[in-house]
Amino acid sequence: MTFFLYLITTLAILALWHRMQRIALFAAIVLVLLPMLFTGRALLTNRVYAPIDLPFTYEPLKSAHPGVVAHDIALSDLHCQMIPWQQAVRHALSQGEWPLWNPFILCGDILAAAGQPAVYDPFQWIALLLPLPLALTFGASITFFLAGFFTFAFARALGRSELASLVAAAAFMFGGMMAFYAGWPLARTWAFLPFVLFGVRRVVHERRAGALLCALVLVIVSGHPESVLHVVAVGVAYGFFELRGFAVSRFRGTAQPRDRATAQPIFLALGAGVAALALTAVYLLPFFEAAPQTLEHEIRRTLYAPADYGNLISPERRLHRVGRTFLPYIDGQPWRGETKPQWDPLSARAGSIILALAVAALFVAPRRGETWFFFGLAVVCMSATFGSWPFAPLLHELPLFDIAINERLAFAAVLAMAMLAASAVDECSARLQPGDDRLKPVATSVVVVGVGIVLAVAMVWTRGAADASLVQLIALAELVPLALVAVLVRTRFAPAAILVLLLVQRTLVDGGIYPSLPRSMFYPRVAALDVLPRNEIYRIAGSGYTLIPNGAAMYGLEDVRGYEAMTFKRLTDTYPLWSRFQTAWFNVIDDPTRPFLSFLNVRYVLDGARVVENPNALPRAFLPRRIRIAAEGTVVEEMKHATDFSELAWVEVPEYEPHDGDNGPGRVTIRRNGLGYDLYADMEGEGWIVVSETAWKGWRLYVDGRRQDWRYANHAFLGVHVRAGRHHARLVYLPESFTRGRNISLATALLLIAGLIARAARRRRLLRRTPA
């Protein structure tokens, strides 16, 4: 089933692309089959290419299913974030709701606006045809395919041969970053980088912006906003490089009449960019509204951006990143349980073969302008990846780049090396004949890279970064194929031999990052969770590391804890009242008896495999006996001393002076309405209903059918004011940024469709007027 959908999708892409650029049957078959070197077992047998074994290392799955050994602990974000987010998207759609809100974590949280759930990614929509565990395999396979396919297409557009283009495709597709992040939106976003470069080239040389527009839209909706900045920046740099060629030809007087209009491609590219922004406004406007409300935005702006870059990365980690370029996993392999404190996945790793060919391209193809562009791109991006002088500190000083993790430009470094390697392959197989002395640079490059690997091995042994057997295994995987390339490069079979050796090398080195696991392991039933009621409104929490967030979503449960890339700042301000903050992970609950947890509607606490009921849990919506109208900034400090949140609640009403007063009294009940709520209040006097739902901007409140403002209650939650009498209040998360963005996106799409129809009609009229 998974393979069938993958095959249909890839063939459809190839068929559509063939209308713009011819692709030979042999190359098409190879491109479709290449991802199967990594995902083939899962793809063909309906297994799961994802770390669904990791939840078994924690309770309650650990006790229910003992004996499961985790394959790769470094992939933890996939089971802590990516998989539960996709489950939340599917849940929203099953409720007939647009996936704007995630009820399963952190007292409710944003979903589409968070970016990484990738709600608008068309390939995620295709994956909805499959059950979620199989969709994970499909998604990783498609990411590999897209990276390889667009690299091949771009290389062909540059004039590289089919085999050389396949070498480039395999290098980028199976580069270290792509192999590790295949299950993340991060890799999906970067997979479209060569598509963007293809689109830029098409704008400059053919004055057609359609491909660039499609590429930019796909980059934006892939779900990693930070990488959009990097991909677009590389695209802009490449655009200036291509335009420089026109400027030089004009100066020399060799330009064609069409080439003299150098401003036209600039306007076309800008138009494509504006159109892409308008088409994706439905996603971008809510994202830009949500970002300033987050803890991560504050940290990036106030701590990360102004910091001296030299203090952001240690010399030890920088040295290890350089070493990993030559010898992967010098600081251990996570799936062998051999990780060291300095381990991280950021690496411009393309393999020794590609690295040697990239260096050789500088000598065997020095007259090609793109050789020096890609060399410069590789140098800049490697410097950013290493966190080294001069480009890493320089990038950190630029606007927007100062809050970005620029080390992820490793993706672009791998692509640049792949393109250089493709040039070297063509030069070795065509212009240079076997035995020609001009092949010496290739041999020299092989020796240089080999020496680098030997030095990396020496660094491992002297610093004790990994065991000797691992070092020997990886060194052999890098050195033996490299030596064979040095021998075979002088034969007419060199391109095919390089491709085969490259595939063998990349599979040996990075093919084991992800496990291929049976579908039965995908969040199986847990007896302790089966006893929890499903038709009531309440939240749960795990004590310590029980039921790692956001795993509760996989069982349809709402966990007050969570692990997000965009965390509501006001909610994190309350963490000291009920949990312990962890950097880059979830907020741990060490003491489940703290009063604030009762306010948060936590009725059940999981302690290992045991479920404990909290009799003091307050309803999701309730009427506190007293209200304190408070000023912003004072509430959290005052709440530290509260022991019963049913007695007193804090509401921020800036137009009122701070004061205390009685509330109500009255009665209130709450019911779900899709992803929102209906409140039914019977009030003896006016008062405030406190709803323990995270108060992101975007909540709409209707009381008796009329729109009304809500207020912050208990610093981070919703306060609803009602007068005496019976009232029906409705809370729905529907940001105006979303509705405005949706209108802009729909209007832009209609305008583009109308333009295409008008253009086609005009062409038909011209054809009728043209004499036979």
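The values are calculated or read from the model by the stated rules, or taken from the named source; none is laboratory data. Because the structure is a prediction, the values reported are computed rather than measured. Cβ placement follows ideal geometry from the backbone for every residue including glycine, while neighbour counts extend to all protein chains displayed. Quick note on the areas: whole protein, heavy atoms, side chains included, nothing else; ligands and nucleic acids left out. Shrake-Rupley method; radii C 1.70, N 1.55, O 1.52, S 1.80 Å.
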TODO: For region 151-179, enumerate the residues that are closer than 15 Å to I29 by Cα and either assigned to a loop (DSSP other than H, G, I, E, B) or open to solvent by 10 Å² or more (accessible area, probe 1.4 Å) (or both).
DONE: E162, L163
Open item on the list: Given (1) open to solvent by less than 10 Å² (accessible area, probe 1.4 Å); (2) in a loop (DSSP other than H, G, I, E, B); (3) more than 18 Å from L415 (Cα to Cα), identify the lone condition not met by A182.
Closed with: (3)
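Among residues belonging to region 716-737 that are aliphatic (A, V, I, L, M) and assigned to a strand (DSSP E or B), point out the one that is surrounded by the most Cβ atoms within 10 Å (Cβ to Cβ). Quick ask: steps written out before the conclusion?
Filtering region 716-737 for residues aliphatic (A, V, I, L, M) gives 716, 718, 720, 722, 724, 729, 731-732, 734.
With assigned to a strand (DSSP E or B) added as a condition, the list becomes 718, 720, 722, 729, 731-732.
Working: L718: 24, V720: 26, V722: 24, A729: 24, L731: 22, V732: 18.
Out of the qualifying residues, it is V720.
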Task: Which listed residue, of L532, L618, L623, L606, is surrounded by 17 or more Cβ atoms within 10 Å (Cβ to Cβ), over 29 Å from G687 (Cβ atoms) and touching a Phe, Trp or Tyr at 6+ places or on another chain (Cβ under 8 Å) - done: L532
Open item on the list: It is to be established whether one or more residues within region 538-548 are among the aromatic types (F, W, Y), open to solvent by less than 20 Å² (accessible area, probe 1.4 Å) and more than 26 Å from P334 (Cβ to Cβ).
Closed with: yes
- [ ] Give just the number: which of (1) aliphatic (A, V, I, L, M); (2) open to solvent by less than 10 Å² (accessible area, probe 1.4 Å); (3) within 19 Å of L5 (Cβ to Cβ); (4) in contact with a Ser or Thr (Cβ under 9 Å, 6 or more places away or on another chain) does I126 not satisfy?
- [x] (2)
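Condition check ((1) surrounded by fewer than 18 Cβ atoms within 10 Å (Cβ to Cβ); (2) modelled with pLDDT of 95 or more) across all residues:
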| position | (1), (2) |
| --- | --- |
| S227 | no, yes |
| V231 | no, yes |
| F246 | no, no |
| D259 | yes, no |
| A263 | yes, no |
| I266 | yes, no |
| G271 | yes, yes |
| L285 | no, yes |
- [ ] Look at region 569-587 and say how many of its residues are part of a helix (DSSP H, G or I), touching a helix residue (DSSP H, G or I) at 6+ places or on another chain (Cβ under 9 Å) and either of a type in the set (S, T, N, Q) or under 20 Å from Q81 (Cα atoms) (or both).
- [x] 3
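When only residues in region 676-728 that are of a type in the set (G, A, S) and more than 35 Å from the chain's Cα centre (by Cα) count, which is nearest to P654 (Cα to Cα)?
At the first step, the residues of region 676-728 found to be of a type in the set (G, A, S) are 676, 681, 685, 687, 692, 695, 698, 705, 713, 716, 719, 724-725.
Add one more test, that the residue is more than 35 Å from the chain's Cα centre (by Cα), and what stays is 681, 685, 687, 705, 724-725.
Details: A681: 25, G685: 22, G687: 17, G705: 25, A724: 23, G725: 26 Å.
Going through the qualifying residues, I end up with G687.
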TODO: Name every residue in region 382-407 that is assigned to a helix (DSSP H, G or I) and touching a residue at least 40 places away in the same chain (Cβ under 8 Å), in order of residue number.
DONE: M382, T385, F386, A392, P393, H396, F401, D402, I403, N406, E407
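Specify the residue that is nearest to F150 (Cα to Cα); the eligible residues are those in region 214-225 that are open to solvent by less than 30 Å² (accessible area, probe 1.4 Å) and part of a helix (DSSP H, G or I).
Restricting attention to region 214-225, the residues satisfying the condition of being open to solvent by less than 30 Å² (accessible area, probe 1.4 Å) are 215-216, 219-224.
Next cut, part of a helix (DSSP H, G or I) only: 215-216, 219-221.
On the way: A215: 10, L216: 13, V219: 13, I220: 16, V221: 17 Å.
So the residue we want is A215.
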- [ ] For region 653-663, enumerate the residues that are more than 39 Å from the chain's Cα centre (by Cα) and within 28 Å of W101 (Cβ to Cβ).
- [x] N663
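Yes/no per residue for (1) touching a Phe, Trp or Tyr at 6+ places or on another chain (Cβ under 9 Å); (2) free of Cβ contacts under 8 Å to residues at least 12 places away in the same chain:
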position	(1), (2)
R730	yes, no
E736	no, no
T739	no, yes
A749	no, no
G755	no, yes
R768	no, yes
Open item on the list: So for region 745-768 (the condition being outside any strand (DSSP E or B) and either touching a His at 6+ places or on another chain (Cβ under 8 Å) or open to solvent by less than 20 Å² (accessible area, probe 1.4 Å) (or both)), does at least one residue qualify?
Closed with: yes
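Could you list all residues from region 510-568 that are hydrophobic (A, V, I, L, M, F, W, C) and part of a helix (DSSP H, G or I)?
Within region 510-568, the first condition is being hydrophobic (A, V, I, L, M, F, W, C), and the residues that meet it are 513, 517, 521-522, 526-529, 531-532, 537, 540-541, 547-548, 552-554, 557, 560, 565-566, 568.
Residues satisfying the conditions are M521, A527, A528, L529, A552, A553, M554.
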Open item on the list: Please return the ranges of helices (runs of 4 or more DSSP H) entirely within region 269-364 where 3 or more residues are more than 29 Å from V228 (Cβ to Cβ), in contact (Cβ under 8 Å) with a residue 60 or more places away in the chain and out of contact with any Asp or Glu (no Cβ under 7 Å at 6 or more places or on another chain).
Closed with: 315-326, 352-364
TODO: Please go through region 488-511 and pick out each residue that is closer than 16 Å to L327 by Cα and open to solvent by less than 50 Å² (accessible area, probe 1.4 Å).
DONE: L502, Q505, R506, T507, V509, D510, G511
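For region 385-405, which residues satisfy the criterion of being open to solvent by less than 10 Å² (accessible area, probe 1.4 Å) and under 19 Å from the mean Cα position of the chain (by Cα)? Walk me through how you get there before you give the answer.
Residues of region 385-405 that are open to solvent by less than 10 Å² (accessible area, probe 1.4 Å), as a first pass: 385, 387, 392, 396, 404.
Selection gives T385, A404.
Would it be correct to say that E693 is over 30 Å from L277 (Cβ atoms), open to solvent by 80 Å² or more (accessible area, probe 1.4 Å) and either touching a residue at least 40 places away in the same chain (Cβ under 8 Å) or touching a strand residue (DSSP E or B) at 6+ places or on another chain (Cβ under 6 Å) (or both)? Even if it seems obvious, please write down each step before you answer.
Numbers: over 30 Å from L277 (Cβ atoms): yes; open to solvent by 80 Å² or more (accessible area, probe 1.4 Å): no; either touching a residue at least 40 places away in the same chain (Cβ under 8 Å) or touching a strand residue (DSSP E or B) at 6+ places or on another chain (Cβ under 6 Å) (or both): yes.
For E693, the condition - over 30 Å from L277 (Cβ atoms), open to solvent by 80 Å² or more (accessible area, probe 1.4 Å) and either touching a residue at least 40 places away in the same chain (Cβ under 8 Å) or touching a strand residue (DSSP E or B) at 6+ places or on another chain (Cβ under 6 Å) (or both) - is not met.
Okay, residues lined up against (1) open to solvent by 50 Å² or more (accessible area, probe 1.4 Å); (2) touching a residue at least 12 places away in the same chain (Cβ under 8 Å):
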residue	(1), (2)
G40	no, no
L44	yes, yes
P55	no, yes
L75	no, yes
L78	no, yes
M82	no, yes
V89	no, yes
Q95	yes, yes
N102	no, yes
